[in-house]
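S.K.: I'd like to ask you about the structure that follows.
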Amino acid sequence: LARLRARLARSNTAIGHALLGLLSRGSLDEEAWEEVEDTLIQADLGVQASTELVDRLRTRLKVDGSGRTDEDQVREWLREDLLELVGPDLDRRIASSRVGDRPAVILVVGVNGTGKTTTVGKLARVLVAEDRDVVLGAADTFRAAAADQLETWGGRVGVPTIRSEREGADPAAVAFDAVQAGAEMEADVVILDTAGRLHNKVGLMDELGKIKRVVEKKSPIDEVLLVLDATTGQNGMRQAEVFSQAVDVTGIVLTKLDGTAKGGIVVAVQRALGVPVKLVGLGEGPDDLAPFDPKAFVDAIVG
Ligand code: GDP
């Protein structure tokens, strides 16, 4: 965890340095405040949240009245206000334990290339380390390679992968089979990987809708995790909205946070979808998935 924190810190302190640099250079004129706001927007915090944060800081300075900006004080204010925006009290737990006499079901959705399959593999690893019995379902049947990739993760982590050998098989049928297998094996949790070909928006939404309907004939879906690539900024935000129209997203996984200084997207996407970021991807390795910790995140930015 310390290693993951360090990695997060490296990409985020760029924002922190820029902000603190601006905020601590004595009295701030209108232009300086605009720079502060621009820095926040560049970090993908979103225009609305950036404006709010600047307004709060300005109010605090006004109340303070001294007209000076002491770096430690500004850092403390920034820490408090950012934390408030990130939502320190949101419930970020993942449904991963048996519900009554059935496994929990987690549906993982997102555009191809965002890190969906990798996330499913890493999540399985985390849950296995917590002694849970996991079953994976390869409901991305469009490319055989996708099921192969998931199966490789399953093998690595030591959990079964339910898949179809046939390319183009009905993804909903595979999802159903995986949930059924999970029930028979008395697993704790079934994690379903899905396809995400966004170029065919209607097709994608229909496919996800059908997976949902068919799975729900067998079991409720307890968690729908939307995987988003943190480096894709506003584009990623638009994708997120498309997915949230197709399925009721219950949590966001923000991947590739290790490769961007745009960590502000955490705030933007939570606001846009009204659901919390639950997990973050901080690298390509099997251990590079962590629960999202608001305080550690803010510390990484503010230092
Ligand atoms: P999918 O098409 O959405 O299933 O995406 P994949 O799981 O195949 O991942 C696409 C690429 O992103 C792979 O090269 C992964 O190793 C990489 N990737 C996934 N998560 C992360 C992350 O958190 N950080 C980094 N740097 N790379 C990641």
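S.K.: At 7 Å along the Cα-to-beta-carbon direction for both GLU184 and MET205, put a label point, then send me their distance in nm to one decimal.
M.R.: Going from the GLU184 label point to the MET205 one covers 3.6 nm.
S.K.: Another question, if that's okay. Would you mind checking LYS116/LYS217; LYS210/LYS278; LYS210/LYS295; LYS212/LYS262; LYS62/LYS295; LYS212/LYS295 for any pair whose Cα atoms are more than 30 angstrom apart?
M.R.: Checking Cα-Cα distances, LYS210/LYS295; LYS212/LYS262; LYS212/LYS295 exceed 30 Å.
S.K.: Taking the Cα centre of the chain as origin and charging only Cβ (+1 Lys, Arg; -1 Asp, Glu), how large is the dipole, in debye to the nearest 20?
M.R.: Dipole magnitude for the chain comes out near 460 debye.
S.K.: Please compute the contact order of the chain in relative form: average sequence separation of alpha-carbon pairs under 8 Å and at least six residues apart, divided by the residue count, as a percent.
M.R.: 26 percent
S.K.: Which parts of the range 266-281 would a label at VAL47 reach, counting a residue when its backbone N lies under 20 Å from a point 7 Å out along Cα-to-Cβ?
M.R.: The answer is 266-274.
S.K.: Just in the range 106-201: which trypsin sites (Lys or Arg not before Pro) are loop by DSSP and have at most 16 other Cβ atoms within 10 Å?
M.R.: Here the sparse-neighbourhood loop sites are ARG143, ARG166, ARG197.
S.K.: Based on the Cβ-Cβ distance from ASP29 to LEU90, what FRET efficiency comes out when R0 is 35 Å, to the nearest 0.05?
M.R.: E(calc), rounded to 0.05, equals 0.45.
S.K.: Counting only heavy atoms of protein chains, what accessible area per residue, in Å², does the chain have with a probe of 1.4 Å?
M.R.: In whole numbers, the chain has 44 Å² accessible per residue.
S.K.: Further question on the same structure: Let me check the size of the range 182-255 from its C-alpha atoms; what are the radius of gyration and Dmax in Å?
M.R.: Calculated on Cα positions, Rg and Dmax stand at 13.5, 42 Å.
S.K.: Round to a whole number: what % of the accessible area of the chain belongs to carbon and sulfur, probe 1.4 Å?
M.R.: Of the solvent-accessible surface of the chain, carbon and sulfur hold 48 percent.
S.K.: Treating the angle as unsigned and between 0 and 90°, give the value, to the nearest 10°, between the Cα long axis of helix 233-246 and the longest Cα principal axis of the chain.
M.R.: Helix 233-246 sits roughly 40 degrees off the main axis of the chain.
S.K.: Another one. Nearest 500 deg cm²/dmol is fine: what mean residue ellipticity at 222 nm does the chain get from its DSSP H runs of n ≥ 4 alone, each adding -39,500 (n - 2.57), divided by its residue count?
M.R.: When only DSSP H runs of four or more count, the value is -17000 deg cm²/dmol.
S.K.: On to the next question. Label points 7 Å out from Cα along the Cβ direction at ASP248 and THR59: separation in nm?
M.R.: It works out to 3.4 nm between the two label points.
S.K.: Another question about this same structure. Which one, VAL202, LEU85, LEU22, is farthest towards the positive end of the dipole of the chain when Lys and Arg carry +1 and Asp and Glu -1 on their Cβ?
M.R.: Sorting the options by dipole projection puts first VAL202.
S.K.: Name the long-range amide H neighbours of VAL277: under 5 Å, sequence gap of 5 or more, or other chain; modelled H, no Pro or chain starts.
M.R.: Residues meeting the criterion, in which the H sits 1.01 Å from N, are ILE252.
S.K.: Sticking with this structure for a sec: Which of the listed residues, THR59, ALA178, GLY46, is farthest toward the dipole's positive end in the chain, when Lys, Arg count +1 and Asp, Glu count -1 at the beta-carbon?
M.R.: Result: ALA178, furthest along the dipole toward the positive end.
S.K.: Pick out, from GLY154, ILE191, PHE243, the residue whose Cα sits farthest towards the positive end of the charge dipole of the range 153-256, with +1 on the Cβ of Lys and Arg and -1 on the Cβ of Asp and Glu.
M.R.: The listed residue farthest towards the positive side: PHE243.
S.K.: Angle, helix 116-129 long axis vs. longest principal axis of the chain, Cα atoms, 0 to 90°, nearest 10?
M.R.: It is inclined by approximately 80 degrees.
S.K.: If you line up the long axis of helix 201-216 against the longest principal axis of the chain, both from Cα atoms, how many degrees apart are they, to the nearest 10?
M.R.: Value to nearest ten degrees: 60.
The values are calculated or read from the model by the stated rules, or taken from the named source; none is laboratory data. Here the structure is a predicted model, which means the values were calculated and not measured. Here the Cβ is made from the backbone with ideal geometry for all residues, glycine too, and neighbour counts use every protein chain on show. Ligands, DNA and RNA are stripped out before the accessible areas are found, and what is left, the full protein with its side chains, is counted by its heavy atoms. Shrake-Rupley method; radii C 1.70, N 1.55, O 1.52, S 1.80 Å.
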